[in-house]
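Following: one structure in structure tokens, then a few remarks.
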Amino acid sequence: GTLANKVDQVAQRFTGLQAIGTGALLAIGNAAVAAGQKMVSNMTAGIRDGFGEYETEMGSMTTILANTSMKYGTTVADVTKSLAELNTYSDKTIYSFGDMTRNIGLFTNAGLKLETSTSMIKGFSNAAAASGTTSQGAAGAAYQLSQALSAGKITLMDWRSLTNVGMGNANMKQGIIDIAQAMGTFKTAGINSTAAQKDFNGSLEKGWLTADVMSNYLQIMSGDMSDAAMKSIGLSDAQIASFKQQQAQAEDAATKVRTFTQLVGTLSEAVGSGWSQ
């Protein structure tokens, strides 16, 4: 009788072990299937991103041509060249080509030339990177800025859309003030640069931060504006040297990957661009 009870106990334990073993094998099998699905998904993600990028480019091309062809004589070849330039830039940075193409459509819709818009988008991305702004934050701020450019000036509400996503640091403020001073917009607005330095936000309601001032600042930050062009708007040699140093630091922030998340995002962007081509 004692022996029979022991056998029953051992049998029950083996039954329990069998259930545990079966569950473990099922879990391993499910994990293997999930890993396979993830591997296939990762392999095809670049293709999907590429087609999405291509569709975005086609849509943006139509928008840009509608905005600039009659006014500036822009051709399909011009748009293709500008978008290729932005695509190359986006592949080197943490910012999305899709966001850039949407933004260039917004900027041209504000009445800016295609070449100017392309340069401004790169400058905006560099300035955003220097401020530590995410790609999502930069995209939202660019939309608000495009509305301000259409109106011809950047108001306090427009500026806050930049500061809300982390942009508008001290270097950016000083750079904008220097350009406005050189272009004479303070005098037109009836204030001076000292007032803007003391109360930057409050002074914006005077209207001194015009679309042209912001356009020149962003083009300088892109690195596309030559020393001669900067001198032509009234900047001194010392100011030009300072701007070139700021631009180099901003581009460094935009193009040098420092985290694993940024690395994955940059590589994914490059893979998508390859499939788009």
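Sticking with the crude label model, points 7 Å out along Cα→Cβ, report the distance from residue 37 to residue 150 in nm, one decimal please.
Distance between the two pseudo-spin positions: 4.4 nm.
With the other protein chains left in place, how much accessible area per residue, in square angstrom, belongs to region 29-139 at a 1.4 angstrom probe?
Result: 47 Å² per residue.
With a 10 Å radius around each residue's Cβ, average the other Cβ atoms per peptide and rank 111-123, 74-86, highest first.
Ranked from most to least packed, the peptides come out as 111-123, 74-86.
Rank-order 249-256, 190-197 by packing density, defined as the average count of other C-beta atoms within 10 Å over each peptide's residues, highest first.
Result, highest mean Cβ count within 10 Å first: 249-256, 190-197.
Taking the Cβ of residue 236 as the center, what net charge do the other residues with Cβ under 14 Å away carry, scoring Lys and Arg +1 and Asp and Glu -1?
Net of charged neighbours comes to -1.
Just subtract the alpha-carbon distance of residue 11 and residue 248 from 0.36 nm times their residue separation and send over the number in nm, one decimal.
Result: 77.8 nm gained on full extension.
With each pseudo-label sitting 7 Å past Cα toward Cβ, what's the residue 45-residue 198 distance in nm, one decimal?
Simple spin-label model gives 5.4 nm for this pair.
Using a 1.4 Å probe, what is the accessible area per residue for region 172-226, in Å²?
Value for region 172-226: 42 Å² per residue.
Report the FRET efficiency, 1/(1 + (r/R0)^6), for residue 228 and residue 30, where r is their Cβ-Cβ distance and R0 is 51 Å, rounded to 0.05.
Computed FRET efficiency for residue 228 and residue 30: 0.20.
Need one word for the chain: rounded, prolate or oblate. Basis is the Cα gyration tensor (sqrt eigenvalues a ≥ b ≥ c); a/c below 1.5 gives rounded, then a/b vs b/c decides.
Since a/c reaches 1.5 and a/b is larger than b/c, the shape of the chain is classed as prolate.
So, R0 is 25 Å and r is the distance between the beta-carbons of residue 92 and residue 206; what FRET efficiency does that work out to, to 0.05?
That pair, residue 92 with residue 206, gives E of 0.05.
Computed FRET efficiency, Cβ-Cβ of residue 188 and residue 160, R0 25 Å: what is it to the nearest 0.05?
0.60
Ignoring ligands, DNA and RNA, what percent of the 1.4 Å accessible area of the chain is carbon and sulfur?
Whole-percent figure for carbon plus sulfur exposure: 57.
To the nearest 10 degrees, how steeply does helix 2-72 sit against the main Cα axis of the chain, on a 0 to 90 scale?
Result, in degrees: 20.
Taking the Cα centre of the chain as origin, work out the dipole magnitude from +1 charges on Lys and Arg Cβ and -1 charges on Asp and Glu Cβ, in debye rounded to 20.
Dipole of the chain, to the nearest 20 debye: 540 debye.
Full-extension gain between residue 136 and residue 19, please, as 0.36 nm times their residue separation minus the C-alpha to C-alpha distance.
37.2 nm
The values are calculated or read from the model by the stated rules, or taken from the named source; none is laboratory data. On a predicted model such as this, the values are computed, not experimentally measured, just so you know. Cβ coordinates were reconstructed from backbone atoms using ideal geometry, including for glycine residues, and neighbour counts include every protein chain displayed. Ligands, DNA and RNA are stripped out before the accessible areas are found, and what is left, the full protein with its side chains, is counted by its heavy atoms. Shrake-Rupley method; radii C 1.70, N 1.55, O 1.52, S 1.80 Å.
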